[in-house]
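The values are calculated or read from the model by the stated rules, or taken from the named source; none is laboratory data. Here the structure is a predicted model, which is why all the values come from computation and not from measurement. So basically every Cβ, Gly included, is an ideal-geometry build from the backbone, and we count neighbours across all protein chains shown. The accessibility values were calculated without ligands, DNA or RNA, using every heavy atom of the protein model including side chains. Shrake-Rupley method; radii C 1.70, N 1.55, O 1.52, S 1.80 Å.
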Amino acid sequence: MRNARRIRPLLFVAMFALALAFVSQAMFAAVNTTAHPVVRVIKKVDNSKRTTLYGHTPRILQRAINLGRVDPSTAAEHLILVLKSSPEQEREARRVIDEQQDKHTPNFHQWMTPDEFGAAFGVHDSDIENVKVWLSSQGFTVESVNKSKRAIHFTGTIGQLESAFQTEMHYFVMPNGETHVSNDRDISVPEALSPVIAGVPTLNDFFRKS
């Protein structure tokens with residue numbers, strides 16, 4: 001089994017994409033970049049050949065009391081599967097971000113729309129389609145793909161979530177008495193899709209507020 005890279009080094013790109021949504025449309029201009037999506041899902045998707053995505057088990061669970069598994073029929077809504085750029089796109093994104101703050105470069109204060117970001121730093125359409133097909137095959141309903149082509153929104157049930165990502169969802173009681181739902185182990189995905197999947201950050205509800 002091939003281990004996936006941790007998602008932490010990719011967070012800066014995700015934050016960059018999110019920040020684009022808050023920049024005034026009047027500030028958008030052409031960014032000088034050579035980045036573009038390339039096809040990275042080149043193998044047949046085989047659900048029996050898996051890659052573990054490490055870093056998905058909250059450390060806070062070490063101080064929690066496990067109350068047991070969540071009913072598999074429980075709805076699992078507002079799920080987000082985060083996609084990742086290629087190493088080449090990641091390096092280019094770092095260069096662009098640095099140059100946007102450097103007044104001596106052509107990219108100084110040259111921002112991108114979410115669509116432009118997706119065209120340069122997003123995942124290839126065919127790879128996104130492969131991920132969507134796999135999610136659908138696991139029983140999920142694919143709701144949307146964001147404009148930056150870096151996240152897929154989907155919904156399903158706890159049972160489907162456990163089966164698709166090879167994990168277990170449990171209730172946990174924290175030292176302060178709060179009860180939370182979380183996966184109890186790291187997840188995995190089909191090896192063929194691992195080059196484009198960073199992870200599923202919405203598996204637990206530790207940071208959700210009503």
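Remarks
- A probe of 1.4 angstrom, applied to the heavy atoms of all protein chains, finds residue 95 with accessible area near 80 square angstrom.
- Solvent-accessible surface (1.4 angstrom probe) belonging to residue 92, in square angstrom, nearest 10: 20 Å²
- Net charge, residue 89 excluded, C-beta distance under 12 Å - Lys, Arg +1, Asp, Glu -1: +4
- Note on residue 103: accessible area approximately 150 square angstrom, rounded to 10, probe 1.4 Å, nucleic acids and ligands left out.
- For the residues 167, 57, 34, 141, a 1.4 Å probe over the protein chains yields an accessible-area ranking, largest first, of 34, 141, 57, 167.
- One decimal place: the segment residue 100-residue 179 gains 24.1 nm when fully extended, by the rule 0.36 nm per residue minus the C-alpha distance.
- Placed amide H near residue 143: partners under 5 Å, 5+ positions off or other chain: 153, 154, 155
- Residues 40, 69, ordered by accessible area of protein heavy atoms at a 1.4 angstrom probe radius and largest first, appear as 69, 40.
- Put simply, the amide H of residue 54, placed in the peptide plane, has neighbours under 5 Å in 4, leaving out anything fewer than 5 places away on its chain.
- Amide hydrogen neighbours beyond the local backbone of residue 198, cut-off 5 Å, H modeled: 82, 83, 84
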